[in-house]
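First comes the structure, then the notes that go with it.
The values are calculated or read from the model by the stated rules, or taken from the named source; none is laboratory data. Because the structure is a prediction, the values reported are computed rather than measured. With ideal geometry, Cβ positions are generated from the backbone for all residues, glycine too; neighbour counts draw on all protein chains shown. Calculation scope for accessible area: heavy atoms of the full protein, side chains included, ligands and nucleic acids excluded. Shrake-Rupley method; radii C 1.70, N 1.55, O 1.52, S 1.80 Å.
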Amino acid sequence: MGPIGVLCLQGDFREHLAVLAELGIPSVRVRKPSDLTGIAGLIIPGGESTVIDKLTKIYDLRDPIKKLIQSGLPVFGTCAGLIMLSDRFTGGPADQESFGGLDVTTSRNAFGSQTDSFETVLDFAGIPNPINVAFIRAPLVTEVGAGVQVLASLDDGKVVGVRQGNLLGISFHPEVTGVTEVHKYFVEMCKTANFARIN
Ligand code: GLN
């Protein structure tokens, strides 16, 4: 399998690189279109989706990443990364765009401000034990399309983890609480994806 790319323009990409290193998975820092060549998957980190949107346009990464998503590359978006993968989102400036791919609507900053950030323990379908994760100015998935699988919800039923084909999106940050299981789940997606075999 080729390396997993981590979009390294803004946000907590270092933490994702550290998790991949801990798992012994080769990674590539994606900052320009040629960095996308040969990757087996892509992680879009948390941070600020308005900034990630602007920087991917400035660095000519928007169109190549959209094409890779459409051609089936496994992509894992956390928090701002989930917003970037959402077909629809609310609470952003009028000119903010996502890559899309996941047939969901997300609501930005749905839990309030930075000071309303919290940690909690979640069940995640496909991961044997509950995981301890952080929600930091997190988005919520407010609508889920027919082909989307819900992998994680809060106790009140709010959807915070989804998968559609080779796209994985979560509202929270496993990488800041030392949890590696969601990355392992994504690595399995990359290993078994048709895309990885033809790439
Ligand atoms: N609130 C941020 C946004 O809208 C996401 C926060 C995060 O990634 N931790 O992009």
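Could you check how much of the accessible area of segment 61-199 is carbon and sulfur, as a whole percent, using a 1.4 Å probe?
On the way: 2810 of 5960 Å².
Looking at segment 61-199 in its full context, I get 47 percent from C and S.
Contact order normalised by length for segment 120-195, with contacts defined as Cα pairs under 8 Å and 6 or more residues apart; what percent is it?
29 percent
Would you compute the Debye intensity of segment 1-97 from its alpha-carbon atoms alone, equal scatterers and no solvent, and pass along log10 I(q)/I(0) at q = 0.22 Å⁻¹ to two decimals?
Debye intensities relative to I(0), on a log10 scale: -1.17.
For segment 28-70, just the Cα atoms, rotate onto the principal axes and tell me the three extents in Å, largest first.
If we take the Cα atoms of segment 28-70, the spans are 27, 19, 18 Å.
Collect residues whose amide H, placed 1.01 Å from N in the peptide plane, falls under 5 Å from the amide H of Phe124; neighbours closer than 5 in sequence don't count.
Ile131
Taking the Cα centre as origin and putting +1 on Lys and Arg beta-carbons and -1 on Asp and Glu beta-carbons, what dipole magnitude results for the chain, to the nearest 20 debye? Please report the intermediate quantities before stating the final value.
Values: 17 positive and 21 negative charges, 136 e Å.
The calculated dipole for the chain is roughly 660 debye.
If you wrap the chain's Cα atoms in a convex hull and average its projection over all directions, what's the area in nm²?
Numbers: hull surface 39.8 nm².
Over all viewing directions, the chain projects a mean Cα-hull area of 10.0 nm².
For the charge dipole of segment 105-199, defined by +1 on Lys and Arg C-beta atoms and -1 on Asp and Glu C-beta atoms about the Cα centroid, which residue among Asn194, His183, Gly157 has the Cα displaced farthest towards the positive pole?
Projecting each Cα onto the dipole axis, the largest value belongs to Asn194.
Which whole-Hz couplings ³J(HN,Hα) result when phi for each residue of segment 102-108 is put into the Karplus expression 6.51 cos²θ - 1.76 cosθ + 1.60, θ = phi - 60°, listed in order with x for Gly and Pro?
For segment 102-108, the Karplus curve yields 8, 7, 9, 10, 10, 10, 5 Hz.
Tally Lys/Arg at +1 and Asp/Glu at -1 over every other residue whose Cβ is under 12 Å from the Cβ of Tyr185; what's the total?
On the way: positive: Arg163, Lys184, Lys191; negative: Glu181, Glu188.
My count for the surroundings of Tyr185 gives +1.
Within the chain, what is the number of lysine pairs with alpha carbons under 18 Å apart, leaving out pairs fewer than eight places apart on the same chain?
Final tally of qualifying lysine pairs is 8.
Rank Ile52, Ala21, Cys79 by how far each Cα sits towards the positive end of the charge dipole of segment 1-140 (+1 on Lys, Arg Cβ; -1 on Asp, Glu Cβ) and give me just the farthest.
Ile52
Residue by residue through segment 156-166, what is 3J(HN,Hα) from phi via Karplus (6.51 cos²θ - 1.76 cosθ + 1.60, θ = phi - 60°)? Round to whole Hz and write x for glycine and proline.
Per residue, the Karplus-derived 3J(HN,Hα) values read 7, x, 5, 7, 10, x, 9, 9, 9, x, 8 Hz.
Whole number in Å², please: accessible area per residue of the chain, 1.4 Å probe, ligands, DNA and RNA not counted.
Ligands and nucleic acids excluded, the figure is 43 Å² per residue.
So for Val182, Val28, what's the accessible-area order with a 1.4 Å probe, most first?
On the way: Val182 0, Val28 40 Å².
Largest accessible area first, the list is Val28, Val182.
From the phi of every residue in segment 43-60, what ³J(HN,Hα) in whole Hz does the Karplus formula 6.51 cos²θ - 1.76 cosθ + 1.60 yield, where θ is phi - 60° and glycine or proline is x?
Along segment 43-60, the couplings run 10, 9, x, x, x, 9, 5, 5, 6, 4, 4, 5, 5, 5, 6, 4, 8, 6 Hz.
For Phe172, what residues show an amide H to amide H distance below 5 Å, using hydrogens built from the backbone and excluding near sequence neighbours?
Cys79
What's the local net charge at Asp155, with K and R +1, D and E -1, over the other residues with C-beta under 15 Å away?
Residues close to Asp155 contribute a combined charge of -2.
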